[in-house]
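The next block holds one structure in the form of structure tokens; read it before the comments.
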Amino acid sequence: MPAEGHSLTRRGASGLIMTLLGTALLPAGALAARGRLGPGRPFSHEVLASRARALAARPYVAPPASPNAVSDYDEMVKLTYGEAEAIAGHVRLFPASKAIAPHAVTMHILEAGMAREIVDTSRLFRGGKDADASGFRVMDADGRSDWMAYIGASYFRSSGSRDQYGLSARGIAVDTGLPTGEEFPAFREFWIEQLGETRLRIHALLDGPSLTGAYVFDCMKGDRGVVQDVTASLFFRRDIRQLGIAPASSMFWYDQSGRRGDWRPEIHDSDGLAIQPGNGERVWRPLENPEGATLSAFRADDCRGFGLIQRDQNFDHYQDDGVFYDRRPSLWVEPRGDWGAGAVMLYEMPTDGETLDNIAMFWCGDEPAKAGGSRDVAYRLTWTSNDPSADAAARCVDLFEGPAGIPGAAAIEGGRKFVFDFVGPGLAGLDRSSGVEAATNLPAEALISAHAYPVVGQENRWRAMLDVRPGATAQKEFRLYLKRGDAALSETVIKVLKS
């Protein structure tokens with residue numbers, strides 16, 4: 001993503017979950033006693049939505065950069081460690097940073113329906129640094145690590161169930177991947193309400209050139225990950241060509257099927273996009289590091305769920321003992337209510353490194369977003385290392401590519417071999433005599449051969465192997481799944497076909 005919208009670098013994010021020592025946790029009452037909070041005002045989502053609606057009726061005013069923003073990332077990190085106070089129980093502030101998040105955000109403490117602005121941030125940063133807040137992170141009860149963070153534009157993330165940050169979510173996506181350029185609306189104000197040791201509610205005001213929004217995030221940390229129930233009321237200042245709901249950004253450099261760019265076997269935060277449209281099909285689209293930026297649409301009317309998934313969680317496949325790609329969480333989106341007709345969009349950009357996101361996903365409805373209009377949306381986000389897309393259908397867990405033909409023999413000229421491994425309980429008890437087939441939509445002139453068989457010595461694991469002539473078809477991608485008779489045994493894999 002462009003620098004304006006990027007919250008943290010991949011390596012830099014790992015520093016934000018290092019051990020935090022000397023943290024003082026203060027309730028709102030303690031902050032008020034020290035004169036750091038403004039007067040209390042009644043607050044609710046309805047109040048915030050009314051404010052966002054009124055704001056959308058006025059011309060957009062870009063926020064100024066913070067006059068006391070710190071100079072670089074290293075200084076920003078230093079200010080979040082050591083003897084600095086927390087707010088609302090277990091929330092620590094990020095200072096504004098010229099390199100990452102140059103704009104100040106207004107922070108409020110919310111208790112019993114009354115909101116109080118933090119008007120004095122002194123000693124909320126290490127050494128009593130006079131700095132504006134640009135976001136916040138939510139600490140564990142012992143103050144030694146964080147499990148959720150909001151910083152920069154409308155980006156936020158969670159460390160999931162294995163205490164490791166990876167991909168990021170966003171409040172909204174506007175024209176992502178379009179030639180006209182992407183817009184980055186930003187959260188301008190937050191209201192933090194601590195509801196327990198592992199639960200809090202976050203209200204946020206979004207503002208941007210094309211729209212405003214009133215958001216509520218009900219957040220809960222559990223053994224299987226972090227769940228956020230999101231409600232948003234959106235108000236449109238102008239027509240929006242492509243409105244992206246429940247967006248997320250990730251990084252994919254290469255996996256086992258691509259050319260290595262480093263000594264490590266694989267480097268990615270997510271390895272695929274999973275979709276569960278309302279028609280009952282299950283779709284898996286392996287991520288690509290393309291030669292040029294591409295925007296793909298996958299029909300998902302009455303969508304039941306979609307997300308960027310890190311299925312491969314084997315340390316040996318990454319050999320990274322610094323930022324631990326095997327621990328990166330997946331992010332699953334479950335729509336609440338009827339989202340209607342639309343598509344899940346996937347934007348992929350080329351990259352030659354791991355430090356910036358190059359993948360984005362979101363849902364885009366068929367209903368246009370028109371100036372003066374509004375829209376309410378609700379969905380659940382689940383950050384977890386347990387594959388939330390898993391169900392009775394077998395999943396594609398590995399993908400390999402190579403020259404077409406029989407190993408040890410001469411390669412088939414102009415051919416390419418694609419190997420897909422599927423795992424799932426629905427394959428139990430099946431063997432070579434069970435009539436399992438590899439079904440594909442490749443035309444006969446492009447498909448040299450297709451086979452499906454159980455992998456010897458591997459429980460409930462089947463392999464589909466295709467030899468293909470990419471130059472014999474104009475298709476940019478093809479579909480593949482395992483079937484038995486008319487019944488699908490696996491999800492549908494959509495694979496990009498390169499000439």
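Things worth noting here:
- Assigned charges on the beta-carbon of Lys, Arg, Asp, Glu; the chain dipole about Cα centre (debye): 700
- Packing-based order for 240-247, 447-454, using average beta carbon neighbours within 10 Å, highest first: 240-247, 447-454
- Stretch gain in nm, segment D352-E75, where the contour uses 0.36 nm per residue and the Cα spacing is subtracted: 97.0 nm
- Within straight-line reach of K78, meaning a Cα separation under 19 Å, sit the following lysines at least 8 residues removed in sequence or on another chain: K98, K129.
- Straight-line cross-link partners of K498 among the lysines, defined as a Cα under 24 Å from its Cα and at least 8 positions apart when in the same chain: K417, K476.
- Between helix 45-56 and the chain: long-axis angle, C-alpha atoms, 0 to 90°, nearest 10: 90
- Percentage relative contact order, the chain, counting C-alpha pairs under 8 Å, at least six apart: 12
- Sites D321 and R144 - FRET efficiency at Förster radius 25 Å, r taken between beta-carbons, to 0.05: 0.75
- Global geometry of the range 395-496, whether rounded, prolate or oblate, following the gyration tensor of its Cα atoms and the 1.5 cut on a/c: prolate
- Net charge of Cβ neighbours under 14 Å - reference V468; Lys, Arg +1; Asp, Glu -1: +2
- Listed residue (A404, S97, V119) projecting farthest to the positive dipole end of the chain, Cβ model: V119
- Average projected area [Cα convex hull, the range 244-397], square nanometres: 9.9
- Counted by Cβ distance under 13 Å from H108, the other residues give a net charge of +2, where Lys and Arg count +1 and Asp and Glu count -1.
- Relative contact order (%) - the range 395-496, alpha-carbon pairs under 8 angstrom, separation at least six: 29
- Efficiency of FRET between E401 and A341 - r from beta-carbon atoms, R0 45 angstrom, step 0.05: 0.85
- Per-residue [θ]222 nm for the chain (sum of -39500 (n - 2.57) over DSSP H runs n ≥ 4, rounded to 500): -1500 deg cm²/dmol
- Rounded Å value of the spacing that divides the Cα centres of the range 117-186 and the range 474-493: 40
- Gain on full extension, evaluated as 0.36 nm per residue between E291 and Y453 minus their Cα-Cα distance, stands at 55.0 nm.
- The order of S168, S145, S66, going from fewest to most other C-beta atoms within 10 Å of their C-beta, is S145, S66, S168.
- Two-decimal ratio, the range 153-224, of alpha-carbon radius of gyration to 2.2 N^0.38 Å: 1.29
- The residue list V174, L205, A141 was ranked by how far each Cα lies along the charge dipole of the range 94-219 toward its positive end, using unit charges on Cβ atoms, and A141 comes out on top.
- Working ranking of peptides 329-341, 485-497, 265-277 by packing, defined as the average number of other Cβ atoms within 10 Å per residue, highest first, is 265-277, 329-341, 485-497.
Every number here is computed from the coordinates shown, using simple stated rules; none is lab data. Just so it is clear, the model here is predicted, and its values are computed rather than measured. Please note: Cβ atoms are built from the backbone with ideal geometry, for glycine as well, and neighbour counts cover all protein chains shown.
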